[in-house]
Structures are given as structure tokens and as C-alpha cells.
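The values are calculated or read from the model by the stated rules, or taken from the named source; none is laboratory data. Here the structure is a predicted model, which is why all the values come from computation and not from measurement. Counting neighbours? That spans all protein chains shown, and the Cβs are built from the backbone with ideal geometry, glycine included. These area figures cover heavy atoms from the full protein model, side chains too; ligands, DNA and RNA do not enter into them. Shrake-Rupley method; radii C 1.70, N 1.55, O 1.52, S 1.80 Å.
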Amino acid sequence: MRHVELKDGADLDGFRRALRGLVALGADPDGVVWSGGAAPSLFGTAPGTGTAPLPAPLPVDAPPVPLPRPVGALIESVVCHRDPERYGLLHRLVCRVVRGERDILDHHADPLVHRLALLDKAVRRDLHKMHAFLRFREVRDPANSEDRGGERYVAWFEPDNFIVEATAPFFVERFESLVWTILTPVGSLHWDRRSLTVGPAALRPEGLDRDDRFAEGWQRYYESTFNPARVNPTAMRAEMPRKYWANLPEAAAIPGMIRGAPARVQAMIEAEAAAPRRRNPDKAVAAMARQEPATLAELNRIIRAADPLVPGATQAVLGEGPEGAAIAIVGEQPGDHEDVEGRPFVGPAGQLLSRALEEAGIERDAAYLTNAVKHFKFVARGKRRLHQSPTAGEVKHYRWWLMKELGFVRPRLVVTLGATAALALSGRSVSVLRERGPMGFGDWEGFVTVHPSYLLRLPAGEGAEQAYRDFVADLRRARGMVEWAG
Amino acid sequence: MDDALLDKLEILADAAKYDASCASSGAKRRTGGPDGIGSTTGAGICHAYTPDGRCVSLLKILLTNYCLFDCAYCINRRSSNVRRARFSVEEVVQLTLGFYKRNCIEGLFLSSGIIRSPDHTMEQLMLVARTLRRDHGFAGYIHLKTIPEASPWLIEQAGLWADRLSINLELSSDRSLKEFAPEKDGSSIKAVMGQVGERILEAKEEKRRFSPAGQSTQMIVGADASTDLSVLETSDTLYRRYGLRRVYYSAFSPIPEASSALPAKPPPLQRENRLYQADWLLRYYGFTVDEIAAGGEGGMLDLGIDPKLAWALKNRERFPVDVNSADREMLLRVPGLGARAVDKIVEARRHTTLRLEDVARLSSGLKRARAFLIAADHHPGGLTDRADLRQRLVAPPKQLSLF
Ligand code: SF4
């Protein structure tokens, strides 16, 4: 018989070391007795005291055993179980894997696999319940005022298995910014916002029930959220067995809640529907229907107050121009300059637009200028703010405002500059160069053309000049449509 | 937290409890880091269970239970004499953080009665979510109830802060809605579901956050005359057309201050249970609404047995099926075999020929499945077709005891 001595609890490192040695020696699982730390050996013979010849010591530097990832995960979980046979079972599993059963865990009906799956499930459930049922209490510690005014949290919990360390990542991740201590009969954890200390087993601390108004509030909440008409304690106990109740402050109320339920339900059913005591709030009810912004100015107030629906942006850039303008011109989104000044089309593209409008015989001040997206979407690269095109979804975030806005302006023609504006108005992706020209936008007569920033990006030369001339021609044509229609 | 706040908490938790949804699942993994607080884990956690067996995962409260609407089934309708209260945005934020830090909750589920106007109400809900996220770096779960009568741009904003949005349909037919909830309108509810569904899809494709845990809804069962068939048809449409993540069914519960327009008696809770089972068959087991309904009678599900067994009993010519050769689709239709058990069977039978004791290790529902299964060492023989099969499989109904 070979004896392997491991530390108390979940000794993953010790098990790994022992396993490497055992595999290197090709040891038979039936010839190994595992014991954990101070636990008395049931087999009587401590190493060296028996009559049998002493097996060769385990090699200390045996190579790692390559295992499929799911087997590794299963080992990590099962070593936490308090079943004394866990190490032996795992050793058996590993031997079979080493002998060639690489996908052994798919053999769900295999008795060994099945048994280990049950242990694994129990550990997972225990972990889950500790994540769920552990309750922190706040303990004010004025001496330690550097930590958020001494805000500290302490919890006491009694898990079934050796899972305390395994739960640490969960609590550290969730409460990284707090100082907390978790005490259990099988170990403890302390987090000081920087590092985790794993400590020894603890006793239930005194004074945890000291008044914490939130703990009291939680109990009140728990009682209020219960619906007596649906009382079903069996279902409750299946998920929250009695053994957890002692450490759950809210559980103290359970017996009373169950006892009182039938009477509460009876009272509800017997109570006749009472006539409303309060007068019908007719005025308020009527007023409620008038929430729609009634003017462009009201709509603009709403837009200005809202958060950007795209990343970036310091402020919303609203449309500009007279209500009742014959032509509304819709661009993509404000750029760097527009975002700073809070006005549309004031940057380089805006200046180019002004020139083109003039050449096309459209008075800029008589037109209504706006953007499909009201905020500047950008990423910061050092000092520079790089324009990002809005996605189709982002354009739709803003579409409601654009439609309302146009509803107030009531233009005879909506000219869209570039693909984003065309998408916002038509609801589909438009290939601007191929489809430029008149296009119906549902309620609106429309006209699709390029965005002046596109012209600015073209390399200088004949091509760029031609593109500019085409743009002016488009605008002239748009003007013609309005004049003809008028 | 002072006494006044405790009182409000009591009133506004009580007012919110008729909403069945409490899930905190479906959010992408996220953590608040050293300056924020909280995390989402994907699956969600139930931090407690109340004696009604329901999971307590989120702080489920109303911002206020004052309401200008008059929905007959609702305890908060304007004509009810219930005690009223109203939280400020800051109070909800502090309650959420306080409970969260004590590990009582996964996050917040916030709804509200309609005060001033739907827009005003929606804006307040959105503000709570925004304050938690932006000012406190809150990375826990936020579920916001959207007010379908609110302006669409508010819904666009809410989706940026929330993990899940929901809009309760409450009643499965437009006619019932008109009768019981005069201020509500089925088509505007569906329009908002459409809007939210579309935005969720787009954001997923564009790798942005917009209600990443999807949208859900709730229907009240037993307040109107709708059949299970019509409820399930509505659900089916919601899943298909609007991409809903979940439909919750809530058996109409007698409420204090009930309206006289409602039935005085609650429907059996079992009805709600059967609807949930049917819903699962719809989503994960490849059943159609018609197949499920055919297991019952007159558009109502059989209350005595689960809908899968009901279907199997009426379609016995399709059984028994062989665990070692039947395709996954047919195994899913075997009463007693859950989807997980079926997946294990399919995997395990590649390595070995399954006997009955093997199946017993893979599924806890073997007792029920035996009559419908063939295994290497088992054939149900005439059992599948016995006239008294139903009686043999169903234990006599137990009187529900309260203890
Ligand atoms: S809108 Fe209807 S369901 Fe919502 S709180 Fe008001 S009365 Fe209740």
C-alpha cells in the first residue's frame, strides 16, 4: 500500500504533485491510500510503520501529465469536495485517460464518470449557493478612515465543501472596490482592494447582527416582495434549503410569512371592490396626452438635454434655418468644428457647401440645414478627435428626431448629403454615386447627392473639380424641382 | 436609510411584486473594476427565495405607484385605494447600491406607474439607470420596464444603459386590452417591441451595447377569457417576430383593492405552470403551437399532466423510440427526457450501446420515459399502448399543504 498525505481541504497543488509522481511510476490506483492532513488514517498503517515493504518514494520532479481541458476542469472542481474518496476517484480517472481514453468524459453512463459528475455538480452547486446566499454586513471602522470613510464589509458563511478559495475570484471581481472579509469554518478570505489574503478557519464572529439599516431594509423588502396568494414553501426549500437559513437575515421572517399567508389571501378575496376614494384625476389624465413636443423649439430643448447616443460629442448640434424653408438639407453628423461651436455646417465641409449653394443659386439662409445624427461621433487620438461614421443602428437612434424636425419645418424638398443622410431618410442603404438624383422619402420629396466632405477627400485635380461641378449641378437641379413644384 | 425610506420601500416593493420576471441572465460578462462596483456573470444568480418559491435576484421595485392609468388588473391603477409612495432617483440609486454591496441582489428591476406623462416617467427610469452606470460605475444588472406610450427616442436612450428592456403585453388579445386597460393600446406596445427588437439586432451586429440581454414581456393569465392556445399563439409571434428573449406568464392573482371587472377567484396556479412548460416545448423542443394545443382540449392545456406527456399520449403510434438509434429531434419528444439528458444520450451512445440503467444515470425522468423507450435490454412491449398508461404515470394529485 502506498500512502499519499495531502493537506486538509482542497489541496489542488499537493494532488497535482502526487499525481505526476504516481503517473510517472505507473502506480495502480487500487494500491494507493489518500489522506488529507490531520485526518486520522482509517487504514491504520502510517507510512513506514507497516509490515509491508515500503513503496519507492514518489519522484519529486515528475513531468506534468497532459490532460484534456475538461478533465483538468473536473479535477479542479472535485478536489474541493469533502468526500474522502475524491482523490482516489480522480486518480482512477486520470489513469484511464493516460491509458488512451481521452474522451472519457463523454461516456456519461460510465459509473466512474457518473460518480465524478455528481461530485462536480455538488461542488458547483455549493459554489453557486455561496455566491448567492452569502450576506455582507457593513462594519464601520472609524480608525481605518482611508478606506472610503471606513466602509468595510464582513460575512460569515458555512459551505458544505472546501470551496472558499474557489469562490474568491467571484467576490474579488464583483467587490473589487470594497474592503471585505469572508469568514467560514473551513477558511477565510480578506480583500483590501489590492490583494487577497487567504486565512485559516474562523469562528462565527460576534456582533454581526449589530444594526445595519440596510440589513433591516432587506428583510422588509423580502417580506414585501412575497405574494401570499402563491405560497409554495416546498419550491422555496428545494432551492434554499433550511441549512442556509441561519446565516440569511431575511430567513427569520419565513415562518411568520407562511403562517400568515392564508388569512391574507382570504381577506383579499373577501374584500369587496371599494369605490375609489380619490377623485378621478381628470385634468392630469387629459394633460398626460399632451407630451408631444408642440414646436420645433420644444423638440430642440429635448434634443439638447439628451445624452449623446453615439460615443464622443460635447453637445448636440441642432438644425438651423427658417421653418417653412422650401429646401431642407440633411448632412451626416456634426464634425469637430460643429461640435465646438454648436452649429451645423461651419467647418471646412460647411464652407464648401455654402459656396456650392451660392453657385447653384440657393440662398443658404433661406434653406434649413441639419444632420441625421445630432452628435459628433469620434475617437480621441492624442489631441486629435477622429471622425467616426455612425453605424446604421446609431442613425436609427436619431431618426425619430429627424422626422419630427422635418415635420415642423415642412420643406418641399429634402436634399440628403452622403450615404448616412440618405439612409436616415429612406430607411435603406443607398449607393449615393449610383442613385444620386430625385428619390421619394415616404412623406417627403427627396434628392440624393454627395456629402461635401467627400469632395474634400478627393485628391486635387481634374477629377475633384468635375466632382464639385456635378455637386453644384445636383443642387441646381434640386432648386429647379422646388421652383417647378412651387 | 431612515424610517420613511423603509416605509416607501415596503410600499413600492409590494406594488412591484406582481411582475413575474426576475431574471438576471443574458448579460455579457462585465466588471466594475477598481473604481466601479459589481459584475454580471451571464447566468444570473438567485440570492434568495421567498415562500412563494420565487427567486429574488433583482431589487424589484416601482419608482412610484401613483398612476394615471386605470388598468383593471393592476393594484396601482388610479381608481385603487392602495397606499401610495414615490422614490426619488437618488433614493433608488442608494438602495440599489446598498443592497448590492451586501450581496443581496444582482441588480435592479425598475418599473413605474405613469406619473405626469409617459415621457416624464420613462425619463425618470432612464435617469436612475444612467446615474448608476455613469456616476457610480455600476456593472450589475439593470432591467428597465419601458413605458410603451413614451416617445420613441426615450426608448433609444434607455437601451444604452439597461441590460434588458421589457414591455408588458399583459393581455394576449387587443380586445381584452381595450376592455381592461383603456389607456393602453396593443399596436403601440407591439410597435415598441419592434423598435427594441430591431435595435438589439443592429447593436449585436455592430458590436455595440443596446439592451444586450434582450427584451421580455409578461402576460397575465386568467384575468380575461383567453384560451391557452391564444396565449401561446401570441407568444409564438412574439418570439418569432420581435425576437423576445422570454415571455413570462403570471397567473392572475387576487389583489387587495380588486376591480369589480375581474373574476373574484384566481385561476389554478397549475395553469401558469403548464404554460411555462408549453413555452419551453415551443422554444427548445421543436414543438409547434398546434401540436401542443392538440394535447389538450378546446384550446386549453391539460392541467393534470405536462404538455409533452399529453402530446405523447395522443400520438402513441410514434413510440416507442430507440435510445440507441432515434434522432435527437424524436428523443426530445420522449416524456421524461430533458434536452440535457438527450444531448448526453446522443454523446454517450457513440461509445457504448445504452441499456436502461445507463439511461437512468443520464436522466432523472426514467420512470416516465420507460413506457416510450427502447434500450438494449428493454422494450416496453404493450405498455406504450395500454389504456391506463396515463393513470400509471401520474401519481394521484396530492392535496397541497401549506407546511
Ligand atoms: S399603467 Fe396600468 S399596469 Fe401600469 S401601473 Fe398604471 S395601472 Fe398599473
Name the cysteines of chain B that stand alone by the Cβ rule: no other cysteine Cβ under 4.7 angstrom.
-> B:Cys22, B:Cys67, B:Cys104
What share of the DSSP beta bridges in chain B is antiparallel, in percent to the nearest 5?
-> 25 percent
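Rounded to the nearest 5, what % of the DSSP beta bridges within the protein assembly as shown are antiparallel ones?
Bridges in the protein assembly as shown that DSSP calls antiparallel: roughly 40 percent.
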For the stretch B:288-367, what mean projected area does the convex hull of the alpha carbons give, in nm²?
-> 5.5 nm²
Mean separation of Cα contacts under 8 Å (6+ apart) over length of the stretch A:213-272, as relative contact order % | 49 percent
Going from most exposed to least, what order do B:Thr234, B:Thr227, B:Thr31 have by accessible area with a 1.4 Å probe?
-> B:Thr31, B:Thr227, B:Thr234
Interface residues in the stretch A:204-225 - accessible area drops by 30 Å² or more relative to the isolated chain, probe 1.4 Å | A:Arg213, A:Phe214, A:Gly217, A:Trp218, A:Arg220, A:Tyr221, A:Tyr222, A:Ser224, A:Thr225
Taking a probe of 1.4 Å and leaving out DNA, RNA and ligands, the stretch A:213-272 shows per residue an accessible area in Å² of 44 Å²
Please work out, to two decimal places, the log10 of the ratio I(q)/I(0) at q = 0.15, 0.20 Å⁻¹ from a Debye calculation in which every Cα of the stretch A:322-463 carries one identical scatterer.
-> -0.73, -1.34
How much accessible area does A:Phe345 have with a 1.4 Å probe, in Å² rounded to the nearest 10?
-> 10 Å²
Listed residues B:Asp185, B:Asp3, B:Asp228, B:Asp14 arranged by accessible area, highest first, probe 1.4 Å | B:Asp3, B:Asp185, B:Asp14, B:Asp228
Out of B:His136, B:His351, B:His378, any idea which swings most in a Gaussian network model of chain B, alpha carbons joined below 10 Å?
-> B:His351
Scattering profile of the stretch B:3-267 at q = 0.09, 0.10, 0.11 Å⁻¹ [log10 I(q)/I(0), Debye over alpha-carbon scatterers] | -0.37, -0.47, -0.57
Trypsin sites (Lys or Arg not before Pro) lying in DSSP loop within the stretch A:134-231, provided at most 13 other Cβ fall within 10 Å | A:Arg194, A:Arg210
Carbon and sulfur atoms account, in whole percent of the 1.4 Å probe accessible area of the protein assembly as shown, for 52 percent
Give the cross-link partners of B:Lys8 among the aspartates and glutamates, using a straight C-alpha distance below 17 Å as the criterion and excluding same-chain residues fewer than 8 apart.
-> A:Glu216, A:Glu223, B:Glu90, B:Glu91
Put A:Arg264, A:Arg457 in order of accessible area, largest first, 1.4 Å probe: what do you get?
-> A:Arg457, A:Arg264
Just flag the GluC sites (Glu not before Pro) in the stretch A:333-402 sitting in loop per DSSP whose Cβ has no more than 16 other Cβ atoms within 10 Å.
-> A:Glu363
Work out Dmax and Rg for the stretch A:136-240 from the C-alpha atoms and quote the Rg first, both in angstrom.
-> 16.3, 49
For chain A, restrict the atom set to alpha-carbon positions and state the Rg and Dmax in Å.
-> 36.5, 114
What number, in percent, do you get for the relative contact order of chain B if the mean sequence gap of Cα pairs under 8 Å and at least 6 apart is divided by its residue count?
-> 11 percent
log₁₀ of I(q)/I(0) at q = 0.17, 0.21 Å⁻¹ - the stretch B:349-393, Debye sum with one point per alpha carbon | -0.50, -0.71
When DSSP assigns beta bridges and you keep just the ones with both residues in chain A, what percent turn out antiparallel, to the nearest 5?
-> 50 percent
Built amide H within the under 5 Å cut-off of B:Gly107, gap 5+ | B:Leu59, B:Tyr141
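Is it possible to state the helix-based mean residue ellipticity at 222 nm for the protein assembly as shown, with each DSSP H run of 4+ residues giving -39500 (n - 2.57), the sum divided by total residues, to the nearest 500 deg cm²/dmol? What is it? Kindly include the intermediate steps, with their values, before the conclusion.
Working: 32 runs with 354 residues, N = 889.
Mean residue ellipticity at 222 nm (helix-derived): -12000 deg cm²/dmol.
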Estimate the FRET efficiency between B:Arg318 and B:Leu356 by the formula 1/(1 + (r/R0)^6), using the beta-carbon distance for r and 22 Å for R0, to the nearest 0.05.
-> 0.60
In the B-A interface, the accessible area buried, summed over both sides, Å² (probe 1.4 Å) | 8300 Å²
Amide N proximity, the stretch A:82-116 versus A:Asp160 label position 7 Å along Cα-to-Cβ, cut-off under 14 Å = A:82-84
The correct pair for the stretch A:213-272, radius of gyration to one decimal and Dmax as a whole number, both in Å and from Cα atoms, is 12.8, 42
Counting only the heavy atoms of the protein chains, how much of B:Met1 is accessible to a 1.4 Å probe, in Å² to the nearest 10?
-> 50 Å²
Sticking with the crude label model, points 7 Å out along Cα→Cβ, report the distance from A:Arg381 to A:Arg102 in nm, one decimal please.
-> 4.6 nm
In the Gaussian network model of chain B, springs joining C-alpha atoms below 10 Å, which of B:Gly336, B:Gly33, B:Gly197 carries the largest mean-square fluctuation?
-> B:Gly33
For chain A, what is the relative contact order in percent, using Cα pairs closer than 8 Å and at least 6 residues apart in sequence?
-> 8 percent
On Cα atoms only, tilt of A:392-409 relative to the major axis of chain A in degrees = 30 degrees
What residue among B:Thr288, B:Thr50, B:Thr384 shows peak mean-square fluctuation when chain B is described by a Gaussian network model with Cα springs under 10 Å?
-> B:Thr50
Would you mind computing Rg(Cα) / (2.2 N^0.38 Å) for the protein assembly as shown, counting N as its residues?
-> 1.13
